[in-house]
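Q: Please find one structure pasted underneath; my questions will follow.
The values are calculated or read from the model by the stated rules, or taken from the named source; none is laboratory data. Here the structure is a predicted model, which is why all the values come from computation and not from measurement. Glycine also receives a Cβ, built like all others from the backbone with ideal geometry; neighbour counts cover every protein chain displayed. Note: areas computed on protein heavy atoms with side chains; ligands, DNA, RNA excluded. Shrake-Rupley method; radii C 1.70, N 1.55, O 1.52, S 1.80 Å.
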Amino acid sequence: MFQTRKDTVYIILAGIFITNAVVAELIGGKLIYVGDAVMSVGILPWPVVFLTTDLINEYFGRSGVRRLSMLTACLVAYCFVLLYAAMQIPAVNGAGLVTDAQFTAVFGQSMWIIVGSITAFLVSQLIDVTIFHFVKNKTGDKKIWLRSTGSTVISQLFDSFIVLGIAFWMTGKMDTPTFIKSAFTGYFVKLAIAILLTPLIYVGHAAIKKYLQEK
């Protein structure tokens, strides 16, 4: 058992945080259309990551978020190392079995995508925690929605442009107009999801506060 209820809360939030971050990376290779713009389906779990970040910010401060962000970045890198090793081992051939080509097509991320993802994650988390505490210092314990949504609005903008910029624009795989259009499309989709999830910040905040106050 964990020593305190606060330890339990941190472990649960960390589990949600890490799981969504890793899943986002694993499914990020699938591209979808939003209107006529291209977007990675991997952005879907990110609003949950930022929501969890805000709850961790509330109860564990900057150090709690920074430690977890560094741990998550290391685990994402470790995940890709294991996937790379798995791709080097020949698959069993047979009807209905996953072939090497199929496995590589799904999990074979390029090095630049990995670099872009991890860089975007760390930068956006740093921005999120900084803005969150700036707003909290100005408003105190009031206006949870403002510091939560405000930090997400800025941090996800950087996240959207950094990952596409490093993985596709800098490598010449995406021209500038497509890069800008795709980055903004992904940003607005993530922002819309984050806004829809805002009530969960209050639900989570109330549940954690009640749990911590119980004897």
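Q: Any residue in region 2-26 that is closer than 20 Å to P47 by Cβ sitting within a Cβ distance under 7 Å of a residue that is open to solvent by 60 Å² or more (accessible area, probe 1.4 Å) and part of a helix (DSSP H, G or I)? List the pairs, counting only those 6 or more apart or interchain.
A: Partner pairs satisfying both residue conditions: I18/L75; V22/L75.
Q: With the checklist (1) more than 17 Å from V23 (Cα to Cα); (2) part of a helix (DSSP H, G or I) in hand, flag the one item G94 doesn't pass.
A: (2)
Q: Within region 40-57, identify whether any single residue is farther than 18 Å from V163 by Cβ, open to solvent by 20 Å² or more (accessible area, probe 1.4 Å) and out of contact with any Leu (no Cβ under 7 Å at 6 or more places or on another chain), and answer yes or no.
A: no
Q: Going residue by residue through region 149-159, is there one that turns out to be open to solvent by 70 Å² or more (accessible area, probe 1.4 Å) and at pLDDT 90 or above?
A: Checking region 149-159: at least one residue is open to solvent by 70 Å² or more (accessible area, probe 1.4 Å) and at pLDDT 90 or above.
Q: Same structure, new question: On the basis of being part of a helix (DSSP H, G or I), farther than 21 Å from Y33 by Cα, at pLDDT 85 or above and more than 17 Å from the chain's Cα centre (by Cα), does I180 make the cut?
A: no
Q: If you don't mind, there's one more thing I want to ask. List, please: which pairs have Cβ atoms under 6 Å, are six or more places apart or on different chains, and start with a residue in region 27-42 that is under 19 Å from I180 (Cβ atoms) and end with one that is open to solvent by 50 Å² or more (accessible area, probe 1.4 Å) and not hydrophobic (A, V, I, L, M, F, W, C)?
A: That search, which allows pairs on different chains as well, returns A37/K181.
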